[in-house]
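Colleague: One structure is given below, represented as structure tokens, and several questions about it will come after.
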Amino acid sequence: MDLGQAWIGWCVAGATAVGCGDNVVPAPSRDTQTLVENVSFARWLTVTKDAVYWVTVGDDPHVGRVPKAGGEDVVVARGTGPLISDDTHLYFTDPDRADFAIVRLPIDGSSGAPSRIGNRMDPVAVDDTNVYGIIFDSPQILKADKRGDGSAALVAIADLPAKVTRCVQEGGSVVCVAGTGVYEVTLPDGAVRAIAENLALAPASLAVDATHVYLPEPIATRETTIVRIPRAGGEAVRVSVQRDADSLAVDDGYVYFSQYQSTTAPFDPGGIFRVAVTGGDIEEFSLNELGATSLRFDADHVYWCNDVHPQNGPGQIRRRLK
């Protein structure tokens, strides 16, 4: 018997096998799995029930799709990001329209062409009725009817104190970085609450769970502290200190972050790491993931994009069991 297995009656539960009686099967591999090879500059991963979608930026911007378990990857539409989804549709911008309109595309493939729903904005959130977005160099949060035909103008629901650079949806709100502050905007009414203001620098990444916001704060050359701040307001609490934390995401009690590989001393292998939201030791989750970004989750896996890199060649879409 594998020493990593534990017998429970007639059942096996372990690292290499699970099941009972005649139904013992190999346990799912915890090895990192490559879903897509040779993808250039993938961004804005979106994980749905059955598939992983992303946007490839560059001269030929498009939305790609691959089954979550791996298989053939396909181009589903011309498009650029950000890319978000609900249970039925993808939402992104169309580079072939003169105004870069925001469009929707059914996830089930029932429509081959994206449908316009509004003027250009970068989609950041979606609820039962609307898609919400931001516009470069603007302090506004805007909305469009996600079932509309694109004839109605975008509607501003909130004005933040400075231009909005990034937002993360959590529940019925969207949490946004505006200037050197972090603000929560309730959807759909647009009520604004300050979470943190007058930070030393505008956060380059942002993660949100039901109770807290997580931010990277540079404290020295190539050294970053991750802090958490209550969404209801309060003091920032240090979670960890590490080098070059990027692309924060939070799930199941852990803050995940990526690190670019360092080629100068002190050397870092690059990869994805995690630490408990309450602090503690940093865990190596998947090393040598060069230029990892756009971390996303489903119930069982973590997904991410690897950038094109001189050492590992073309980019990849990867995943690993939590």
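Colleague: From the set of residues in region 198-250 that are of a type in the set (Asp, Glu) and at pLDDT below 95, which is farthest from residue 270 (Cα to Cα)? First the steps, then the outcome.
Modeller: Here is the first cut: in region 198-250, the ones of a type in the set (Asp, Glu) are 209, 217, 223, 235, 244, 246.
Filter again for at pLDDT below 95, leaving 217, 223, 235, 244, 246.
Values: 217: 19, 223: 14, 235: 31, 244: 10, 246: 11 Å.
Within region 198-250, the match that is farthest from residue 270 (Cα to Cα) is 235.
Colleague: Taking the stated definitions as given, is residue 117 outside the structural domain of residue 305 (by TED's automatic domain parsing), crowded, with 20+ Cβ neighbours inside 10 Å, farther than 16 Å from residue 168 by Cα and modelled with pLDDT of 90 or more?
Modeller: On the way: outside the structural domain of residue 305 (by TED's automatic domain parsing): yes; crowded, with 20+ Cβ neighbours inside 10 Å: yes; farther than 16 Å from residue 168 by Cα: yes; modelled with pLDDT of 90 or more: yes.
When the stated conditions are applied, residue 117 passes them.
Colleague: Now for a different question. On the given criteria, is residue 108 surrounded by fewer than 22 Cβ atoms within 10 Å (Cβ to Cβ), modelled with pLDDT under 95, among the acidic types (Asp, Glu) and not assigned by TED's automatic domain parsing to the domain that holds residue 285?
Modeller: Judged against the criteria, residue 108 is a match.
Colleague: While we're on this one: List the residue pairs whose Cβ atoms are under 8 Å apart, where the first residue sits in region 195-211 and is in the same structural domain as residue 276 (by TED's automatic domain parsing) and closer than 16 Å to residue 256 by Cβ, the second is of a type in the set (Gly, Ala, Ser) and surrounded by fewer than 19 Cβ atoms within 10 Å (Cβ to Cβ), and the two are 6 or more positions apart or on different chains.
Modeller: Close Cβ pairs satisfying both conditions: none exist.
Okay, residues lined up against (1) charged (D, E, K, R); (2) in the same structural domain as residue 296 (by TED's automatic domain parsing); (3) touching a residue at least 40 places away in the same chain (Cβ under 8 Å); (4) within 27 Å of residue 278 (Cβ to Cβ):
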| position | (1), (2), (3), (4) |
| --- | --- |
| 151 | no, no, no, no |
| 162 | no, no, no, no |
| 171 | no, no, no, yes |
| 177 | no, no, no, yes |
| 187 | no, no, yes, no |
| 193 | yes, no, yes, yes |
| 224 | no, yes, no, yes |
| 251 | yes, yes, yes, yes |
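Colleague: With respect to residue 71, is the statement that it is at positive phi and assigned to a loop (DSSP other than H, G, I, E, B) true?
Modeller: On the way: at positive phi: yes; assigned to a loop (DSSP other than H, G, I, E, B): yes.
In short, yes.
Colleague: May I ask you to list the residues in region 51-67 that are under 24 Å from residue 124 (Cβ atoms) and either at pLDDT 95 or above or in a strand (DSSP E or B) (or both)?
Modeller: Matches in region 51-67: 51, 52, 53, 54, 55, 56, 62, 63, 64, 65, 66.
The values are calculated or read from the model by the stated rules, or taken from the named source; none is laboratory data. Please read all numbers here as calculations on a predicted model, not as lab measurements. Virtual Cβ from ideal backbone geometry, glycine too; neighbours counted across all protein chains shown.
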